[in-house]
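Working notes, structure below.
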Amino acid sequence: MSRILTTIGFDADDTLWHNERFFRVTQDRFAELLMDHTPDHIGPDALDRKLLDAEKRNLGAYGYGVKGFTLSMIETAIEVTEGRVPASVIQELLEAGQMMLSFPIELLPHARAAVEAVASEYTVVLITKGDLLDQERKLAQSGLGDLFDAVEVVSEKTPQVYLDIFNRHGAGAERSLMAGNSMRSDVVPVVEAGGHGVYVPHGMIWEVEHAEPPQHSPRYHEIDDLSGLAELVERIG
Ligand SMILES: [Mg+2]
């Protein structure tokens, strides 16, 4: 009997390994560094908000990832201090960003087992946004590289992007499944493209990645963690 599914896509950050927590740590450092240079009416929450605004503003130009985040921190620092932020603080922000580009990869529970479980019978593709070099570094350090048939580092995860990827690495979106921690990037556009979207919550998520789950769709699935993936794939496939 032939299977329905041919291709399984995995998101990388906060699906296979920790990522968002390094952004949180760096953002705390950002707030700490700017505390003495920011006017009193800009409290910690307002500072977070201004940084998020800058990130959103810059996504279209910088794309996702650490480099864009670092530039947005610097931009926000200049903005909230009205140009008075000392160069020493800018230097520390650059260093904080560089540290993010070398943080150690720590796999999430069941990540390796989940990819291994489907790797022999399906075409397995890593689909991720972010800085190309950094995503390649993290994949190499994760030790999971050999399990994937293909790696796609994309600038945005849209239905069209998924259609293209699933056509190239399989038999179209209808016969593909994507698992990830972002409802907005890993699940909704895949379901929209005609594929199966599997939401794997991580608990810590960047505000930009929120979206309403496509509850109405029979191609929408949710599992507590990656230990449930192989069984779900078997059930659909
Ligand atoms: Mg992710």
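Couple of notes before you dig in:
- Remark: relative contact order (the range 20-100) = 39 percent; criterion is Cα-Cα distance under 8 angstrom and separation of 6 or more residues.
- Mean separation of Cα contacts under 8 Å, 6 or more apart, over the residue count of the chain: relative contact order %: 26 percent
- Using the Cα coordinates of the range 22-127, the gyration tensor eigenvalues translate into equivalent-ellipsoid semi-axes of 35, 14, 12 Å, sorted from longest to shortest.
- Using Cβ point charges alone (K and R +1, D and E -1), the dipole size of the range 28-67 about the Cα centre works out to roughly 320 debye.
- Amide H contacts of Phe10: Val125, Leu126, Ile127, Ala179, each under 5 Å away and 5 or more positions distant or on a separate chain (H built 1.01 Å from N in the peptide plane; Pro and chain starts excluded).
- Between Glu32 and Ser227, the modelled label-to-label distance comes to 3.5 nm, taking each label 7 Å out from Cα in the direction of the beta carbon.
- If R0 is 25 Å, the Cβ-Cβ spacing of Ala140 and Glu116 corresponds to a FRET efficiency of close to 0.90.
- Inter-label distance, nm, simple model (7 Å from Cα along the C-beta direction), Arg57/Asn167: 3.8 nm
- The mean sequence distance of close C-alpha pairs (under 8 Å, at least 6 residues apart), as a share of the length of the range 112-215, puts its relative contact order at 20 percent.
- Extent along the principal axes, Cα only, for the chain: 68, 36, 29 Å, with the longest axis given first.
- The chain - mean residue ellipticity at 222 nm from DSSP helices (-39,500 (n - 2.57) per run, n ≥ 4, rounded to 500): -14000 deg cm²/dmol
- Residues His210 and Ala87, FRET efficiency given R0 of 41 Å [Cβ-Cβ distance, rounded to 0.05]: 0.70
- Relative exposure of Asp149, Asp11, Asp40, judged by other C-beta atoms within 10 Å (fewest first): Asp40, Asp149, Asp11
- Rounded, prolate or oblate (a/c below 1.5 giving rounded, otherwise prolate when a/b exceeds b/c) for the range 1-71 by Cα gyration tensor: prolate
- Near the amide H of Tyr64, within less than 5 Å, lie the amide hydrogens of Gly130, all on another chain or at least 5 residues away, with H placed in the peptide plane.
- Charge sum, other residues only, whose C-beta stays under 10 Å from Met183's C-beta, Lys/Arg counted +1 and Asp/Glu -1: -3
Bear in mind that the values in this text are calculations on the coordinates, not laboratory data. It should be emphasised that the depicted structure is a prediction, and the values quoted were computed from it without experimental measurement. Cβ: placed from backbone, ideal geometry, glycine included. Neighbour counts: every protein chain shown.
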